[in-house]
Amino acid sequence: MKTYLLERLKHILWLICGAVLGYLTHYLRTGKLTLTSDNLFFLKAILFGFVLVEVIKLFSWLFKLIKQNNQ
């Protein structure tokens, strides 16, 4: 379980770093950071989808682990 969570945390950190680099690239090209309500709604939708995918992956990993231990 611990190694699984560490791998997922590394994956999440890479995604966050990519998002930060994307925002910095946008800032360097346009000279301004635009965070309107539309952008925040989009970010919330992405965050919700990301959390949903992570929960599904966690439960599928747990079921696989339980199945392997029962055999």
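The values are calculated or read from the model by the stated rules, or taken from the named source; none is laboratory data. Just so you know, these numbers come straight off a predicted model, no measurement behind them. Don't worry about glycine lacking a Cβ; one is built from the backbone with ideal geometry, like all the others, and counts go over all protein chains shown.
For this structure, a couple of remarks:
- For the range 21-32, filtering for residues that are under 21 Å from residue 51 (Cα atoms) and either loosely packed, with under 10 Cβ neighbours inside 10 Å or in contact with an Asp or Glu (Cβ under 9 Å, 6 or more places away or on another chain) (or both) leaves 0.
- Residues considered: 12, 46. Of these, the only one that is within 9 Å of the chain's Cα centre (by Cα), modelled with pLDDT under 70 and assigned to a helix (DSSP H, G or I) is 46.
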